[in-house]
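The values are calculated or read from the model by the stated rules, or taken from the named source; none is laboratory data. Bear in mind that the values here come from a model prediction, so they are computed numbers and not experimental data. In this analysis, Cβ positions are derived from the backbone assuming ideal geometry, glycine residues included, and neighbour counts consider all displayed protein chains.
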Amino acid sequence: MTWPPLRDELRGVEPYGAPQLDVPVQLNVNENPYGPSAACIADIATAVAEASASLNRYPDREFTELRTGLAAYLNTDGGNDLTADQVWAANGSNEVMLQLLQAFGGPGRVAVSFAPTYSMYPEYARDSMTGWIAGRRREDFSFDLDHARDLLAEHRPSVVLLPSPNNPTGTALPHDVIGTLATLCAEHDGVLVIDEAYAEFRRSGTPSALELLGEHRNLVVTRTMSKAFALAGARLGYLAASTELCDALRVVRLPYHLSAVTQATASAALRHAPELLGNVALLREERDRTVAWLREQGHQVADSDANFALFGTFADRHAVWQGLLDRGVLIRETGPEGWLRVSIGTPEEMSAFRGALTATLEAAPPTETMANEERA
Ligand SMILES: *Cc1c(COP(=O)(O)O)cnc(C)c1O
């Protein structure tokens with residue numbers, strides 16, 4: 001036996017995570033580049049100080065104040081009269097989704113997503129001992145409902161996980177796809193999870209799956225404070241679903257999983273929602289400018305409803321990634337072979353990105369874009 005005595009499927013596995021490198025321009029994990037204002041920082045500090053007075057006690061296990069605040073916020077962005085008992089939260093939406101698989105997946109059950117998709121999903125499946133099946137998207141990253149119908153009929157998944165907007169492509173799902181998938185999942189008592197980590201960045205006219213919650217009791221919509229809310233460091237993710245589904249999650253959550261400090265921080269940040277979200281409009285404009293610029297340079301770019309752009313394709317994408325890093329710009333080597341993903345930062349950061357990419361490609365022309373026919 002090798003030591004330590006890991007489960008077989010965990011042996012030799014690298015822990016998940018993008019490189020955390022100390023470089024001037026960090027555009028690799030889709031963070032919001034704008035930090036909280038002085039007023040928000042002061043309010044969080046006061047709230048945390050108040051919570052600290054009773055840190056000898058366990059926190060509110062039901063985090064009612066926070067759930068009430070989250071429900072009120074969701075009702076301003078697609079939710080229809082959601083109440084606190086239709087909202088659940090944990091330490092990041094990653095934990096929320098792991099809890100979903102702990103509750104609704106498990107041995108003998110299967111979870112499904114459609115690639116390219118978020119690379120953490122198979123890890124939740126592995127960690128909850130749920131079977132994992134990845135279908136595919138079309139070549140242009142749009143959703144192939146016929147393929148999905150066949151796959152769901154064959155595997156009858158307990159959970160289907162789909163990001164919308166998708167990571168790493170930025171593609172949002174239309175309502176009719178979500179509605180049809182929810183109905184197909186319901187046929188075998190499956191739960192459909194729409195991961196809206198990037199929902200606040202969606203282009204106008206792109207709907208939120210929250211609007212469909214009243215029609216499908218097996219629909220779950222997850223959100224996070226890590227991206228648009230500029231609160232990645234606080235670790236707060238949440239979901240909206242029926243009261244029965246939220247109640248079911250209480251069975252698998254650890255006791256007092258949300259610390260009093262986290263609850264106080266998130267509730268205070270929610271009171272500053274308009275200001276924290278105020279930079280979303282800037283980021284969307286910067287995204288659209290970045291996509292347009294990349295296309296002008298002759299690159300392929302996936303349409304994006306998120307705060308990143310997936311572009312390519314490069315015969316040697318690692319060389320391009322390294323070239324950018326050598327020039328102080330960290331992006332992400334992810335997505336299908338040949339593609340790279342850049343998060344949207346401030347105008348200054350994006351200017352640095354454009355300069356670094358231009359210089360990299362001029363310095364090493366052989367890494368220029370692959371011809372389209374080579375990708376097929
Ligand atoms: C960033 C991201 C999340 C958010 O994770 P947190 O744990 O809430 O920080 C969830 N889903 C996707 C697809 C993401 O890219």
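What do you reckon, is S164 free of Cβ contacts under 8 Å to residues at least 12 places away in the same chain and under 21 Å from A306 (Cβ atoms)? No; evaluated as a whole, the condition is false for this residue. Cβ separations smaller than 7 Å between residues 6+ apart or across chains give the following pairs from region 130-151 residues that are in the same structural domain as Q102 (by TED's automatic domain parsing) to residues that are of a type in the set (S, T, N, Q) and surrounded by fewer than 20 Cβ atoms within 10 Å (Cβ to Cβ): L145/T180.
Determine whether A45 is farther than 30 Å from N279 by Cβ, more than 16 Å from the ligand (Cβ to nearest atom) and without any contact (Cβ under 8 Å) to a residue 40 or more places away in the chain. If you could, list the steps in order and put the result at the bottom.
On the way: farther than 30 Å from N279 by Cβ: no; more than 16 Å from the ligand (Cβ to nearest atom): yes; without any contact (Cβ under 8 Å) to a residue 40 or more places away in the chain: yes.
Judged against the criteria, A45 is not a match.
Whether any residue in region 70-89 is assigned to a helix (DSSP H, G or I), away from the ligand (no atom under 16 Å from the Cβ) and surrounded by fewer than 19 Cβ atoms within 10 Å (Cβ to Cβ) is what I want to check. Scanning region 70-89, I find at least one residue that is assigned to a helix (DSSP H, G or I), away from the ligand (no atom under 16 Å from the Cβ) and surrounded by fewer than 19 Cβ atoms within 10 Å (Cβ to Cβ), so the answer is yes.
Pick from L212, L184: which is over 21 Å from E286 (Cβ atoms) and in contact with a His (Cβ under 8 Å, 6 or more places away or on another chain)?
Values: L184 fails: in contact with a His (Cβ under 8 Å, 6 or more places away or on another chain).
Within the list L212, L184, the selection yields L212.
Yes or no: region 3-12 includes at least one residue that is crowded, with 19+ Cβ neighbours inside 10 Å, part of a helix (DSSP H, G or I) and of a type in the set (D, E, K, R). No - not one qualifying residue is present in region 3-12.
Being among the hydrophobic types (A, V, I, L, M, F, W, C) and either outside the structural domain of A49 (by TED's automatic domain parsing) or within 15 Å of the ligand (Cβ to nearest atom) (or both) is the filter here, so list the residues in region 246-260 that pass it. Outline the logic, then answer.
Within region 246-260, the subset among the hydrophobic types (A, V, I, L, M, F, W, C) is 246, 248-249, 251-252, 254, 258, 260.
Listed by number, the list holds a single entry, L258.
For (1) free of Cβ contacts under 8 Å to residues at least 40 places away in the same chain; (2) charged (D, E, K, R), each residue gets a yes or a no:
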{"position": "R202", "(1), (2)": "no, yes"}
{"position": "L212", "(1), (2)": "yes, no"}
{"position": "N218", "(1), (2)": "yes, no"}
{"position": "V221", "(1), (2)": "yes, no"}
{"position": "S226", "(1), (2)": "no, no"}
{"position": "L236", "(1), (2)": "no, no"}
{"position": "A248", "(1), (2)": "no, no"}
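For first residues located in region 174-188 and touching a residue at least 24 places away in the same chain (Cβ under 8 Å) and assigned by TED's automatic domain parsing to the domain that holds E215, partners that are aromatic (F, W, Y) and in a loop (DSSP other than H, G, I, E, B) and lie 6+ apart or on another chain with Cβ distances below 6 Å form the pairs V177/F143.
Considering (1) farther than 30 Å from T262 by Cα; (2) within 14 Å of the ligand (Cβ to nearest atom); (3) β-branched (V, I, T), the lone condition that T117 does not fulfil carries the number (1). Applying the condition of being buried (at least 20 other Cβ atoms within 10 Å of the Cβ) and of a type outside the set (A, V, I, L, M) to region 230-245 and asking which residue is farthest from the ligand (Cβ to nearest atom) yields Y238. When A232, A266 are checked against the criterion of being within 30 Å of T313 (Cβ to Cβ), among the aliphatic types (A, V, I, L, M), in the same structural domain as G190 (by TED's automatic domain parsing) and modelled with pLDDT of 95 or more, A232 stands alone in meeting it. Taken residue by residue, region 292-306 has no member that is under 18 Å from N94 (Cβ atoms) and either of a type outside the set (G, A, S) or over 18 Å from the mean Cα position of the chain (by Cα) (or both).
Looking only at residues that are among the polar types (S, T, N, Q) and within 13 Å of the ligand (Cβ to nearest atom) in region 90-114, which one is surrounded by the fewest Cβ atoms within 10 Å (Cβ to Cβ)? Selected residue: N91.
Looking across region 176-227 at every residue that is at pLDDT below 95 and in contact with an Asp or Glu (Cβ under 8 Å, 6 or more places away or on another chain), the one that is nearest to the ligand (Cβ to nearest atom) is identified as T206. For region 14-31, check the following and say yes or no: at least one residue is within 16 Å of the ligand (Cβ to nearest atom), surrounded by 16 or more Cβ atoms within 10 Å (Cβ to Cβ) and assigned to a helix (DSSP H, G or I). No, every residue in region 14-31 fails to be within 16 Å of the ligand (Cβ to nearest atom), surrounded by 16 or more Cβ atoms within 10 Å (Cβ to Cβ) and assigned to a helix (DSSP H, G or I).
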